[in-house]
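Comments concern the structure below.
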Amino acid sequence: MSTVSAAPLAPAASAILPNAPVPGLGGSRRVAAALARVRGGARLTFDEGLTLFWEATVLEAGAAADAVRRRKHPVDRVTYQVDRNINYTNVCIYRCAFCAFYRPAGDAEGYVLPFEEIGRKVEETIALGGTGILLQGGIHAELPFSFYEEMLSFLREKYPQVHRHAFSAPEIHFLAKKEKTTIADVLARLQKAGLQSVPGGGAEILEDEVRKRIWALTKAPTLKWAEVHREAHRLGMPTTATMMFGVGETHEQRLQHFDVVRRVQDASLADGVESFTAFIPWTFQEENTAMDGTVETAGGTDYLRTLAIARLYLDNVPHVQGSWLTQGAKIGSVAMSFGADDLGSIMIEENVVAAAGSHNKMGEEAMLALIRDAGFTPVKRGTVYERCQEACCRDLPAL
Ligand code: SF4
């Protein structure tokens, strides 16, 4: 048997090259310093975030994100939900370049679901063990405000046990403009009608140059997206923050997105009001969209690196969700060791991402197997991360 004796390191080299690779880590001294700080509980700076995007190996970023996730959630469990996305209309006045879901007014394929049809979908959700619905539409210019109030009231009265998570920031912003009132007023009226929490949809990349390029600026500039979430928090409604990336944005622009979320969360936590429950990054699906073939979309490695850096940067957001829907079950499985402590919903129905070519599907049994195979205990949760009240979960420590 031959032995290999390690050659002594040359300290002079690292003194001359401040960014020289650190033996055994594979990355750079700047990466090692940033990760040591974050592992010690410090907050990443913007520049450190950029260093991680540019210089960290995906495994370095993932290992640090896993350590931080285990510090925040020491029990080896991964949560998931059973809910349904109900798109009450696909008619939309906007033409986002990344969207394959919308239909313009007057299009033969345009629809608005009758309440009875929405009720039927909720009943199917309940029968499958679902605890919530996510209501989201295109932005329909003709629906009166009373439509939204009546839809919420109908659901609250008929299915009080089903959580109503509804209306993205662009829908709320549009209603405020249409009603010539404030975002806070729209949210308060919807809350009175039965709204319980607000999803993070419509965020795409929270940087207005990118929003302009992908035709998402008019529907909600970054400041309006942030205002909707701040006002919802002030009214006592939890919300989520999402990011759709891989639309040709730079790493700086991804970090600017993280920064908007972190600042909104800081402000809401400082006020002692509600806040973001989770950060949900997912990747742009290009099929059938106006952007098909125009940008380099994000693959698995880019997704995992971004997920890990999100976990590290967003030190004030409790949960980070892995995306099996856009990345498939294999990457979804790895995501649980890259900072994700949740895999989102099995999604009994999903139309928006499916329209853009993502046809990943997962039943509850498959979700349970995926989480167990990755070495974690699956725990079913509710929309705002309240734990399942079934006997299997009742005795676990609080989330
Ligand atoms: S992403 Fe939303 S706002 Fe944009 S076109 Fe599609 S449905 Fe309309």
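When the alpha carbon gyration tensor of the range 198-316 is reduced to an equivalent ellipsoid, the three semi-axes, largest first, read 25, 16, 11 Å. Taking other Cβ atoms within 10 Å as a rough exposure proxy, W324, W54 sort from fewest to most as W54, W324.
Sorted fewest first by neighbouring Cβ atoms within 10 angstrom, H257, H163 come out as H163, H257. Helix 324-335 and the long axis of the chain differ in direction by around 30°, with both axes built from C-alpha atoms.
With an 8 Å Cα cut-off and a minimum separation of 6 or more residues, compute the relative contact order for the chain in percent.
21
Could you give the size of the charge dipole of the range 44-380 about its Cα centre, using +1 on the Cβ of each K and R and -1 on the Cβ of each D and E, expressed in debye and rounded to the nearest 20? Before the final figure, lay out each step's value.
Working: 34 positive and 45 negative charges, 120 e Å.
In total the dipole reaches around 580 debye.
Among residues other than R39 with Cβ under 14 Å from its Cβ, the summed charge is +3 (Lys and Arg +1, Asp and Glu -1). Where both bridge residues fall in the range 44-380, DSSP classifies roughly 5% of the beta bridges as antiparallel.
For K192, a cut-off of 18 angstrom between C-alpha atoms picks up these aspartates and glutamates, skipping any fewer than 8 places away in its own chain: E149, E150, E157, E171, E179, E231, E274.
Select from the range 53-144 those trypsin sites (Lys or Arg not before Pro) which occupy a DSSP coil region and have at most 13 other Cβ atoms within 10 Å, ordered by residue number.
Numbers: sites: R69, R70, R71, K72, R77, R84, R95, R120, K121; in loops: R95.
Answer in residue order: R95.
Approximating the spin labels as points 7 Å out from Cα along Cα→Cβ, the T218-to-A108 distance works out to 2.7 nm.
The eigenvalues of the Cα gyration tensor, multiplied by 5 and square-rooted, give the range 44-380 an equivalent ellipsoid with semi-axes of 29, 23, 20 Å from largest to smallest. The order of the peptides 366-374, 235-243 by mean Cβ neighbours within 10 Å, most packed first, is 235-243, 366-374.
3J(HN,Hα) along the range 188-199, derived from phi through the Karplus expression 6.51 cos²θ - 1.76 cosθ + 1.60 where θ = phi - 60°, amounts to 5, 5, 5, 4, 4, 7, x, 5, 10, 7, 10, x Hz, with x in place of Gly and Pro. Separation of the range 211-234 from the range 103-136 is 25 Å, based on Cα centroids. Amide hydrogen proximity for H163: with H placed 1.01 Å from N in the peptide plane, the residues at 5 or more positions away or on another chain lying under 5 Å are G132, I133. Against the chain, whose longest principal axis is taken from its Cα atoms, helix 364-373 shows a tilt of about 10°.
Legend: calculated FRET efficiency, N360 to I126, from the Cβ-Cβ distance at R0 = 25 Å, rounded to 0.05, equals 0.55. Considering only alpha-carbon pairs that sit under 8 angstrom and 6 or more positions apart, the relative contact order computed for the range 94-192 is 26 percent.
Where a number appears in this text, it was derived from the coordinates with a stated rule and is not lab data. Since this is a predicted model, take the numbers as computed values, not measurements. Ideal geometry is used to build each Cβ from the backbone, glycine not excepted, and the neighbour counts take in all protein chains shown.
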